[in-house]
Every structure is written in C-alpha cells, then in structure tokens.
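Here the structure comes first, spelled out in structure tokens, and everything after it is commentary.
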Amino acid sequence: MLKVSHLTKKYGKLAACDDVDFALDDGSVTVLLGPNGAGKSTVMKSIIGFLRYEGEITVGTWPNKTPQARRLLGYVPELPSLYPNLTVSEHMEFLSRAYRMENYKPRMEELFTRFELQDKRRKFGDELSKGMQQKLNICLGLLPDPQVLLLDEPMIGLDPHAIKELKNIMEEMRQQGKTLLVSTHIIDSVDMLWDRTIIMQNGVVRCNITRQELEEDGRTLEQLFFDVTEGLGEGAEA
Ligand code: ADP
C-alpha cells in the first residue's frame with residue numbers, strides 16, 4: 001500500500017535520509033526505530049508531503065502528493081500544533097471540514113470517550129496539559145480513519161490508559177486492513193503487535209525485518225537494535 005523508493009532528503013550537506021527504500025503491506029503495523037536524529041521524522045514528513053525530496057513515494061498507485069493519495073493518508077505529528085483559540089471540539093470540527101467528512105460526530109465522541117477527553121471538549125488548545133494536547137493530536141490523526149496512518153513518536157506524554165487505548169486502536173486498524181507506520185526511539189513502547197521493524201541510523205535503513213524473521217533469528221528486538229546501531233553486525237537485509 002505504501003512504497004518509498006530511493007528517498008533522499010538533504011539539508012545542506014547533511015543527508016537527513018539517504019536512499020531510503022521500503023514497502024509496507026495492507027493490514028500491517030511497521031515500527032520505525034532509530035536513535036534521535038536517525039531520520040525517522042524526515043521520512044514521515046516526506047511521506048505526508050510536507051518536504052521536498054528526491055525519490056518516489058506512492059500510496060497504492062498514487063504518488064503521495066496527489067489528492068487521491070492525500071485522502072488515504074493520515075498523520076499524527078511528533079509535536080501537536082494546536083490553535084490556542086479553538087476548543088478541543090472545534091479542532092475536531094476544523095479537521096472534519098478539511099477532510100470533507102459528512103458526519104464526524106459519532107467518531108469524535110468515540111475517540112473522546114476512548115481517550116478520556118469528554119469533559120475537556122470546551123477547553124482551548126492552550127488550556128490543555130501536555131498529555132491532553134497529545135491525546136487531541138492523536139484524535140485528530142484518527143478522526144478521518146485513514147487507510148495509511150503515520151504516527152511520529154505517538155506515545156510520548158501519554159498516560160497508561162491512553163497508551164493502552166492507542167495500542168488497541170492500532171490493532172483494530174490493522175485488522176481492518178490498514179497500513180500503520182509508527183516511529184519511536186523507545187523500544188519498550190512497541191512491545192506489541194508489530195509486523196515489521198525498520199531500523200534507521202544516520203539517515204540510512206540499517207535493518208528491515210519481519211516479526212517472523214526476528215523470531216527465527218532468535219534475538220529480541222532490543223538485542224537486534226543494539227547490535228545494529230552499536231556496530232555489532234547487520235540485522236537482516238536492509
Ligand atoms: P529523528 O526523527 O530520527 O529523531 P529527524 O528526521 O528529525 O530524526 O532528523 C534527522 C537529521 O536531520 C538530524 O541530524 C536533524 O538534525 C536533521 N534535520 C531535521 N530537520 C532539519 C531542518 N529543518 N534543518 C536542518 N537539519 C534538519
């Protein structure tokens with residue numbers, strides 16, 4: 001469903017990502033792991049169409065910046081960008097209009113319940129705690145129920161209930177045939193449900209491995225991560 005081919009993004013002489021290639025299946029969760037500065041956010045922002053880059057990215061058969069692809073793509077950015085003078089509910093309404101959703105309210109209510117935001121709906125963006133801002137950020141990404149969802153460090157700042165809820169939702173989306181790409185630098189936060197792990201370091205993909213391949217390999221994800229990123233050997237085909 002999502003294909004990234006020869007993706008390179010340079011900032012001056014620095015290649016934030018360098019010839020990155022991968023393809024993600026329908027109905028799968030992929031974890032994008034890597035130390036700080038590895039290039040994970042750059043890959044996400046390129047896929048969603050926020051950056052100019054070299055290479056090709058397609059969603060289904062559509063290039064990622066076409067309207068057809070944009071309708072299929074959803075994104076939870078690393079940092080919530082909320083409007084200080086819109087309420088929680090108004091943020092959701094604003095997004096529903098951007099996506100031309102006819103009847104967004106039932107889904108909004110479901111998300112508010114699952115993320116315990118029901119009694120915060122009239123609060124303004126700048127009245128929310130960091131954790132609540134992140135919950136709203138996630139609800140905004142989930143509202144259009146996209147076919148392909150990118151989540152950039154989504155667990156940061158969430159309380160245990162919200163983490164559990166987010167993991168449940170990711171599992172439900174996988175079962176519905178959706179494609180999820182979740183970036184993180186905290187290995188423990190992805191102890192669940194992943195089908196494929198891509199490890200990046202210094203802008204390049206160092207390892208691209210399925211859960212089954214890792215099980216056959218015998219290492220834990222943490223062992224593999226340190227072996228790959230601390231130079232003790234290759235993980236699998238990159
Ligand atoms: P990660 O998400 O894995 O922490 P990023 O994709 O944010 O990594 O960053 C990859 C590299 O690109 C880092 O060295 C970072 O400093 C650099 N970088 C990211 N954004 C910019 C920018 N706007 N201008 C210059 N360098 C950038």
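Results, tabulated for the structure shown:
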{"read-out": "Filtered GluC sites (Glu not before Pro), the range 78-123: DSSP coil and at most 15 other beta carbons within 10 Å", "value": "GLU102, GLU116"}
{"read-out": "Charge context of GLU153, other residues only, Cβ under 11 angstrom, K/R +1, D/E -1", "value": "-1"}
{"read-out": "In the range 123-216, the trypsin sites (Lys or Arg not before Pro) that fall in loop regions by DSSP, at most 16 other Cβ within 10 Å", "value": "LYS123"}
{"read-out": "Mean ellipticity per residue at 222 nm, deg cm²/dmol - from DSSP H runs of n ≥ 4 across the chain, formula -39500 (n - 2.57)", "value": "-10000 deg cm²/dmol"}
{"read-out": "Dipole-positive endmost among ASN202, PRO77, VAL88 within the chain (Cβ charges, Cα centre)", "value": "VAL88"}
{"read-out": "Taking HIS91, HIS185 and counting other C-beta atoms within 10 Å, the order from fewest to most", "value": "HIS185, HIS91"}
{"read-out": "Approximate spin-label separation LYS105-ARG211, in nm, with each point projected 7 Å along Cα-to-Cβ", "value": "3.8 nm"}
{"read-out": "Loop GluC sites (Glu not before Pro), the range 153-225 (other Cβ atoms within 10 Å of the site Cβ: 14 or fewer; DSSP)", "value": "none"}
{"read-out": "Residue exposure sequence - VAL204, VAL31 - by fewest surrounding Cβ within 10 Å", "value": "VAL204, VAL31"}
{"read-out": "Positive-pole candidate from LEU33, LEU51, PHE22, dipole of the range 1-55, charges at beta carbon", "value": "LEU51"}
{"read-out": "Summed residue charge, Cβ within 13 Å of GLU127's Cβ, Lys/Arg positive, Asp/Glu negative", "value": "+2"}
{"read-out": "Modelled label reach - GLU54, point 7 Å along Cα→Cβ, the range 1-24 residues with backbone N closer than 18 Å", "value": "4-22"}
{"read-out": "Stokes-Einstein diffusion coefficient of the range 133-175, Kirkwood radius over Cα pairs, 10 °C, 1.306 mPa s, in µm²/s", "value": "148 µm²/s"}
{"read-out": "Of LYS10/LYS105; LYS13/LYS130; LYS130/LYS178, those spanning more than 32 Å from alpha-carbon to alpha-carbon", "value": "LYS10/LYS105; LYS13/LYS130"}
{"read-out": "Rel. contact order, % - alpha carbon contacts under 8 angstrom, at least six apart, the range 1-132", "value": "20 percent"}
{"read-out": "Column: log10 I(q)/I(0), Debye, Cα scatterers of the range 62-116, q = 0.30 Å⁻¹", "value": "-1.24"}
{"read-out": "Förster radius 22 Å - calculated FRET efficiency between ASN202 and GLU78 (Cβ-Cβ, nearest 0.05)", "value": "0.70"}
{"read-out": "Net charge contributed by nearby residues that have their C-beta within less than 13 Å of LEU193 (K/R +1, D/E -1)", "value": "+2"}
{"read-out": "Fraction of beta bridges assigned by DSSP in the chain that are antiparallel (%, nearest 5)", "value": "50 percent"}
{"read-out": "Area projected by the alpha carbon convex hull of the range 1-160, averaged over all directions, nm²", "value": "10.2 nm²"}
{"read-out": "Check: the chain dipole with +1 on Lys, Arg Cβ and -1 on Asp, Glu Cβ, in debye", "value": "1160 debye"}
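FYI, it's all coordinate maths here, none of it is from the lab. What you are looking at is a predicted structure, and each value in this text was computed from that prediction instead of being measured. As a convention, Cβ positions derive from the backbone with ideal geometry for all residues, glycine included, and neighbour counts pool all protein chains shown.
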